[in-house]
1. Inspect the stretch 75-92 for any residue being on the phi < 0 side of the Ramachandran plot, at pLDDT below 80, in contact with a Leu (Cβ under 7 Å, 6 or more places away or on another chain) and of a type outside the set (Lys, Arg) and give the result as yes or no.
2. Of the residues in the stretch 1-41, how many are touching a residue at least 24 places away in the same chain (Cβ under 8 Å) and of a type in the set (Asp, Glu)?
3. Which numbered condition trips up residue 12, out of (1) surrounded by 20 or more Cβ atoms within 10 Å (Cβ to Cβ); (2) at pLDDT 80 or above?
4. For the stretch 146-175, what are the residues that are closer than 11 Å to residue 203 by Cα and not in a strand (DSSP E or B)?
5. Take the residues in the stretch 173-190 that are modelled with pLDDT under 90 and not polar (S, T, N, Q), then tell me which one is nearest to the chain's Cα centre (by Cα).
6. Inside the stretch 148-207, can you point out the residues that are surrounded by fewer than 20 Cβ atoms within 10 Å (Cβ to Cβ), basic (Lys, Arg) and closer than 23 Å to residue 109 by Cα?
7. One residue is enough: does the stretch 53-64 have a residue meeting the conditions within 23 Å of residue 162 (Cα to Cα), surrounded by 13 or more Cβ atoms within 10 Å (Cβ to Cβ) and at pLDDT 80 or above?
8. For the stretch 108-137, which positions are at pLDDT 70 or above and either under 15 Å from the mean Cα position of the chain (by Cα) or not small (Gly, Ala, Ser) (or both)?
Amino acid sequence: MYRILYVQPEAPPEMITAAYRCLMSRLRNHPDLGGDHETAARINQAYQILRDPAKRKAYDNSRRRPLSARVRPADNDTRRVPPAQEHACPFCGLAIPARIEPDTRCRRCASPLAPVAYALATTGEAFGRRSAPRVEKNCRVTVHTAAEAAPVSAILRDLSVTGVSLYTAAPMAAGSNIRIEALGMDVIAHVIEAQPGERAFLVRGVLLTALYNRKSGLFMSVTA
């Protein structure tokens, strides 16, 4: 449930509400705004549980049961958002602080730790505005495929508040997490697809965490 709303288990009620509103309205997951009905239903279910103290307590208690006692669906679809790593950096796996601020970084790999919805919900900007730079098509970015691996170069194809796609000569595995750095942004993305082409791979991913500069701008979504 926390993963669905992109919040930490320690998140206060007001942050739960802010993340829900951000996902449904700002990120346009509500069906009336063009969102997917199934996605909206999952977000609503998570919010209904986490906003109610009694239901949230029962859910938290169920999460503390041994893995062997939990019912786990058989789902190997790497196109879905990855399982929650609520107490670890999504890039290097190091334990994260109990309190996450919009500019909190991992102590080991310096990756951003603020979930996307959290980062956007705390900007206080008008609808449609984001604390992020304008990112143009064909912008060159740096991609880290692992904390210990040398970075590789890539060309940005598309960027939105929830996803990213890029071209790169380096193969990347679906289901892995990568770190993408460019002027004014530093994000962690979960790779949902990597299609080989004639000269490059087309990599698509969903954003997990993000750190943007403080200059107001608009996300520009473009497609080649």
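1. Among the residues of the stretch 75-92, not one is on the phi < 0 side of the Ramachandran plot, at pLDDT below 80, in contact with a Leu (Cβ under 7 Å, 6 or more places away or on another chain) and of a type outside the set (Lys, Arg), which makes the answer no.
2. The qualifying residues number 1.
3. (1)
4. 169, 170, 171, 172, 173, 174, listed by residue number.
5. Step by step, filter the stretch 173-190, then rank; the result is 190.
6. Of everything in the stretch 148-207, just one residue is surrounded by fewer than 20 Cβ atoms within 10 Å (Cβ to Cβ), basic (Lys, Arg) and closer than 23 Å to residue 109 by Cα, namely 204.
7. No: zero hits.
8. The answer is 108, 109, 111, 112, 113, 114, 115, 116.
The values are calculated or read from the model by the stated rules, or taken from the named source; none is laboratory data. All of these numbers come straight from a predicted model, not from anything done at the bench. Please note: Cβ atoms are built from the backbone with ideal geometry, for glycine as well, and neighbour counts cover all protein chains shown.
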